[in-house]
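Comments concern the structure below.
The values are calculated or read from the model by the stated rules, or taken from the named source; none is laboratory data. Please read these numbers as outputs of a predicted model, since none were measured by experiment. All Cβ positions, even for glycine, are placed from backbone atoms using ideal geometry, and neighbour counts span all protein chains on display.
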Amino acid sequence: MTIESSAFEALGLPPAVLRALADKNYTTPTPIQQQAIPLVLSGRDVLGGAQTGTGKTAAFSLPLLARLSKATPPNGPRRPRALILVPTRELAVQVNESIRNYGRHLRLTTGMIFGGVGMGPQMDLLRRGVDILVATPGRLIDHLERGTAKLDAIEILVLDEADRMLDMGFLAAIKRIVQQVPKQRQTLLFSATFESRVRGLAMEFLRNPAEVEVAARNTIASTIQHIAHPVDNSRKRDLLTHLLATRFQDRVLVFGKTKHGCNRLAEQLEESGIKAVAIHGNKSQAQRQKALDAFKAGRARVLVATDVAARGLDIPALPLVINYDLPLVAEDYVHRIGRTGRNGATGEAISLVAIDEGGLLSQVQKLLGQNVRQVLVEGFAPSQPLRMDAKPVQSKRQARPSARPHGKPAVRHAHAQAPKGRSGAGAQRSRMAR
């Protein structure tokens, strides 16, 4: 691909950014990129609706890099000029990596801070200075309280996956952070849904925003096949092992509902001769990244994950997602299976449904607007039919966690559940230079 032939050039991106896109063989903008990039380049505030996997990171990072590269940085020590708030450390790593790739031919620096790792390397990062800071709200609040982070030079503020940050109880933290950012700024807010809480956030922080949306709420790819296997709860692990044995050529993402359950399931699969790794909030960042790298590289066939740990994961060419446990909130089903069936590819979502999970399956069917085909696997038929009217147990998501006075969630989530470590993985500073 040549820069001259790139469809991205028509959007107004500068040559250095186009060159980076050519390096990655990116030729055609996605719908959210086509709509959002010109608006961001023009300086407008933007309210963007896009699910994970639609290219939304590039939709805000490409024009952000273009605007920062053209503007004259303020005199004095280097301070962050763009702040990107994200809900989890995994998403912070991915966004930071994307910006490094897209800005590889620009003289801009990027860094990230999140919880679960030591403060020291992050303090050094902020002391040296970066142009673009990717952060989780809880850890950024920690640095603001210590006086190690200064946001008075921010020109562009991005709230990524705003709906998820609200779900995780970060509203108070976000408000505290925005109070430290100059009022004269450009603000971009991206969310998978435009529910009332998200619109309320947009009305408070954005000025006359342009609104772009590429998918309706809870849109699910039509290329995904949905199947439910009724099974007694005590036989779930045996059924999972059986399914994995018949799909030995595929990498599989398996969702469980608890951290301990995911850990134990991965260990049991290993004992059965199936290479498996687990990620959840109690794993350190280094452990989680090691597990994810092993899965992507094919050293592990199965990745067992909780909802919070898996949010924002970018795993290309994933043919199968298995719900070992159905989610307590139907909307999480959409986020889970969104890892498969991307960009027109076919995908399969299999749910192992115990007798008392029939009510959860009913909620999923209502959300999908269709029945999920129930298939009995020979040798694993349940002792009695599913109770489709079983009342689901109320989840923490439904109860909405309350925030503490200092702005951190009462229950610290993926950015801070891991024990403090000595690793500097949470503070990364990269030089993007010619």
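Restrict the check to region 222-235 and report whether at least one residue is modelled with pLDDT of 95 or more and among the basic types (Lys, Arg). Yes, region 222-235 contains at least one residue that is modelled with pLDDT of 95 or more and among the basic types (Lys, Arg). Count of region 220-272 residues, restricted to those that are buried (at least 20 other Cβ atoms within 10 Å of the Cβ), within 27 Å of Pro385 (Cα to Cα) and of a type in the set (Gly, Ala, Ser), is 2.
Taking into account only those residues within region 129-153 that are among the aliphatic types (A, V, I, L, M) and in a loop (DSSP other than H, G, I, E, B), which is nearest to Val178 (Cα to Cα)?
Narrowing region 129-153 to residues among the aliphatic types (A, V, I, L, M): 130, 132-135, 140-141, 144, 149, 151, 153.
Still in the list and also in a loop (DSSP other than H, G, I, E, B): 130, 149, 151, 153.
Details: Val130: 19, Ala149: 13, Leu151: 9, Ala153: 12 Å.
Once the filter is applied, the top-ranked residue is Leu151.
Is there a residue being small (Gly, Ala, Ser) and either part of a loop (DSSP other than H, G, I, E, B) or under 22 Å from the mean Cα position of the chain (by Cα) (or both) anywhere in region 237-249?
Filtering region 237-249 for residues small (Gly, Ala, Ser) gives 245.
Pick out the ones that are also either part of a loop (DSSP other than H, G, I, E, B) or under 22 Å from the mean Cα position of the chain (by Cα) (or both) and you get none.
Taking every residue of region 237-249 in turn, none turns out to be small (Gly, Ala, Ser) and either part of a loop (DSSP other than H, G, I, E, B) or under 22 Å from the mean Cα position of the chain (by Cα) (or both).
The residue that is surrounded by the most Cβ atoms within 10 Å (Cβ to Cβ), counting only those in region 63-80 that are in a helix (DSSP H, G or I) and small (Gly, Ala, Ser), is Ala66.
Among the residues that make up region 43-57, is at least one of them farther than 23 Å from Lys183 by Cα, charged (D, E, K, R) and either in contact with a helix residue (DSSP H, G or I) (Cβ under 9 Å, 6 or more places away or on another chain) or assigned by TED's automatic domain parsing to the domain that holds Glu195 (or both)?
Yes, because at least one residue in region 43-57 is farther than 23 Å from Lys183 by Cα, charged (D, E, K, R) and either in contact with a helix residue (DSSP H, G or I) (Cβ under 9 Å, 6 or more places away or on another chain) or assigned by TED's automatic domain parsing to the domain that holds Glu195 (or both).
Give all pairs with beta carbons closer than 6 Å in which a residue from region 278-303 that is surrounded by fewer than 17 Cβ atoms within 10 Å (Cβ to Cβ) meets a residue that is modelled with pLDDT of 85 or more and in a strand (DSSP E or B); count only pairs at least 6 apart in sequence or on separate chains. Listed pairs, sorted by first residue: Ala294/Val277.
Pairs meeting the criteria (first residue in region 184-208 and in contact (Cβ under 8 Å) with a residue 40 or more places away in the chain, second residue exposed (fewer than 15 other Cβ atoms within 10 Å of the Cβ) and outside any strand (DSSP E or B), beta carbons under 8 Å, at least 6 apart or on different chains) are Gln186/Gly43; Thr187/Arg207.
Quick check on this structure: which one of Ser222, Ser191 is farther than 22 Å from Val95 by Cβ and among the polar types (S, T, N, Q)?
Working: Ser191 fails: farther than 22 Å from Val95 by Cβ.
Just one listed residue meets the conditions, Ser222.
Residues of region 1-53 being surrounded by 16 or more Cβ atoms within 10 Å (Cβ to Cβ), assigned to a loop (DSSP other than H, G, I, E, B), more than 25 Å from the chain's Cα centre (by Cα) and at pLDDT 90 or above, which ones? If the condition is that a residue be surrounded by 16 or more Cβ atoms within 10 Å (Cβ to Cβ), assigned to a loop (DSSP other than H, G, I, E, B), more than 25 Å from the chain's Cα centre (by Cα) and at pLDDT 90 or above, then Leu13, Pro14 are the ones that fit.
If we keep just the residues of region 325-337 that are modelled with pLDDT of 85 or more and crowded, with 20+ Cβ neighbours inside 10 Å, which is farthest from Asp356 (Cα to Cα)?
We begin by selecting, within region 325-337, every residue modelled with pLDDT of 85 or more; these are 325-328, 333.
Keeping just the survivors that are crowded, with 20+ Cβ neighbours inside 10 Å gives 325-327, 333.
On the way: Asp325: 11, Leu326: 11, Pro327: 13, Tyr333: 17 Å.
Ranking the qualifying residues of region 325-337, first place goes to Tyr333.
For region 90-114, residues that are surrounded by fewer than 24 Cβ atoms within 10 Å (Cβ to Cβ), in a loop (DSSP other than H, G, I, E, B) and of a type outside the set (D, E, K, R) total 2. Checked against (1) at pLDDT 95 or above; (2) over 19 Å from the mean Cα position of the chain (by Cα); (3) among the aliphatic types (A, V, I, L, M), Ile99 passes all but condition (2). Taking the criterion of being acidic (Asp, Glu) and modelled with pLDDT of 90 or more, the residues of region 254-301 that qualify are Glu267, Glu270, Glu271.
Residue-wise test of (1) part of a loop (DSSP other than H, G, I, E, B); (2) exposed (fewer than 13 other Cβ atoms within 10 Å of the Cβ); (3) modelled with pLDDT of 80 or more.
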{"position": "Thr340", "(1), (2), (3)": "yes, no, no"}
{"position": "Gly358", "(1), (2), (3)": "no, no, yes"}
{"position": "Glu378", "(1), (2), (3)": "yes, yes, yes"}
{"position": "Ala390", "(1), (2), (3)": "yes, no, no"}
{"position": "Gln398", "(1), (2), (3)": "no, yes, no"}
{"position": "His413", "(1), (2), (3)": "yes, no, no"}
